[in-house]
Every structure is written in structure tokens, then in C-alpha cells.
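The values are calculated or read from the model by the stated rules, or taken from the named source; none is laboratory data. All values reported here derive from a predicted model rather than from experimental measurement. All Cβ positions, even for glycine, are placed from backbone atoms using ideal geometry, and neighbour counts span all protein chains on display.
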Amino acid sequence: MAAISHEFENQIHAGKTEAGFGCYMSERIKALEPIAKLPRHVAIIMDGNGRWARKHKLSISRGHRQGTETLREIIRHTDDLGIQALSLYAFSTENWNRSAEEVGALMQLILDFFASEIDELDEKNVRILILGDKAGLPEKQRKTLEEAERRTGKNTGLRLNIAVNYGGRAELVKAAREIAELVKAGELAAEDITEETLSDHLYTRGLPDVDLLIRTSGEMRLSNFLLYQNAYAEFVFPEKLWPDFTPEDYDRALAVFGTRDRRFGGREKEA
Ligand code: FPP
């Protein structure tokens, strides 16, 4: 596969911010299509709802609601593109520290989202998986999420993972405890523990590692999201705030991914 220069990658990045560049950019992205490779698993940190709300002099809750509209579009687009798995960071274990009003608004949005989307997602053969500790959620939310998983559990299309009450370190601790129990019960020898054993005890069991991590709003942090699964992910950090992020911005991030030379710690093959 032909390597694409970093200069070209920078041009794609530039397309995110320069007004009037979009049309030109979509032609460039089209030119990439025959060689661009799609990620199998995309993870998204949907950042910037609060800043979007402040910018528009609206409540934080309104910002999250607008962010949910983006979420709907991005899920549809991911499905249309035929990407295998999409993981979205909706609510972290640290988000409980926000005001009761904001936490309440996010919890309500989770209920509203599933009430309005579950029929379409199920029809589209999407399989939903919740990443995180559902037991730590209010009963209504826990039941709604469990029902979404149950209803779509046999679907074979897009794997849609929504992280709710999720923390990457807590996920690793959970895996370590489960493996330790197996060792204690004599079902597994400590020397037989492999990377596969560990990934089999993560919420994402059976799914490919993350290929592409997108975090919107220009922030460049992992924030405890899928720590193990992101080991070899390519990172793309669009400047746009999540509520302003469009399917075209997503295409640009995918085009950037297509230009990256992934070596997984090895060396590029000699030409
Ligand atoms: C980060 O923005 C975003 C969140 C903490 C929540 C993301 C949730 C949604 C987009 C919608 C709810 C999810 C579902 C599944 C319905 P921020 O508020 O930290 O932004 P800021 O850094 O600008 O303040």
C-alpha cells in the first residue's frame, strides 16, 4: 500500500477548520478512497458539550442534549460505512462528581436515547453492549440498558458499545480479580495467563482492539477510556466541539486514519 505523506495528512486536518475548504477536501478524500483502509473498531470521546452550551449561552443539559443529536448521526454513519465496532464514552466513573443537575440530565438523556432509538437500532441489526458497572446505576437506567443488551444480543451487525459508569482502570481491576479467582479455584495456572486471558475478561471480550480513537474539542487525553484496548490505536483530535461534529468531520478523521502508517512496534517494510 502506498504511503501518504504527512503533508497530505496535515492538509486533511486543515480541512476541519478552514472555511470554504470542505468541497475541495471532499474531493481529496474521494481520491483517498481506493487506498484508505477503514478501522475495524472506532472509539470516540465525545468532548465539548459544556463549552458548546457556554458558547451558545445555554444550559449544560442543553449542550448534552445537542451532543445526543450528534451521537445519533454518528452511529448511523458508522453503520452505513460498515465499520465493525463503535465504542462511545457516555458517562465515566468520574462524571458522578458533576452537579446533581448535570448528572440527572445525563441519566435522563440515556433513558430518552434508548426510548427513541432502540427500535431503529434493532431493525438495523445493531448489537448493543454496555461497557461499565451497570450495578452502580439507578434502577431505571440499569434496566433500560440491560433490556437494550438483551433485545439486541443476537444481532450480527454493528457492535455498538456505550460506556456508562465506566473507568478503564476499574475494568482492569475487575479483570484481575476474575482471573485471580480462576487461579484460586485451580482452574487456571498463573503461568498460563496471557494477553488473551486478560482481554477475555474485559467488557469488550471478543471485539478487535481499538484502531482509531477520536476525541473532539481539541483535548488530547485518554481520560481512562479503554486503556488496554487503545494500546495500538491511532489518535485523531478534531478541534470541533462534539455537538458541532458532523459526519463529514468523521469522514475526515477516517481519512486521516487511512494515511497513518501502523507498524505496531515493528518496522516499515523496505520498498
Ligand atoms: C463531555 O463533554 C461529554 C460528556 C461527559 C457526556 C457525553 C454524553 C452525551 C453526548 C450524551 C449522553 C449519552 C447517551 C448514550 C444518550 P463535557 O461536558 O465534559 O464538555 P466540556 O469539556 O466542554 O465541559
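Filter segment 223-252 down to the residues that are under 18 Å from E94 (Cβ atoms), in contact (Cβ under 8 Å) with a residue 60 or more places away in the chain and not polar (S, T, N, Q) and list them by number.
F225, L226, W242
Take segment 79-111 and flag every residue that is surrounded by fewer than 13 Cβ atoms within 10 Å (Cβ to Cβ) and near the ligand (Cβ under 10 Å from one of its atoms).
E94
Please verify whether segment 158-173 includes one or more residues that are away from the ligand (no atom under 16 Å from the Cβ), in a loop (DSSP other than H, G, I, E, B) and modelled with pLDDT of 95 or more.
Scanning segment 158-173, I find no residue that is away from the ligand (no atom under 16 Å from the Cβ), in a loop (DSSP other than H, G, I, E, B) and modelled with pLDDT of 95 or more, so the answer is no.
Under the condition of being outside any loop (DSSP other than H, G, I, E, B) and out of contact with any helix residue (DSSP H, G or I) (no Cβ under 7 Å at 6 or more places or on another chain), which residue from segment 52-68 is farthest from the ligand (Cβ to nearest atom)?
In this case the residue turns out to be K55.
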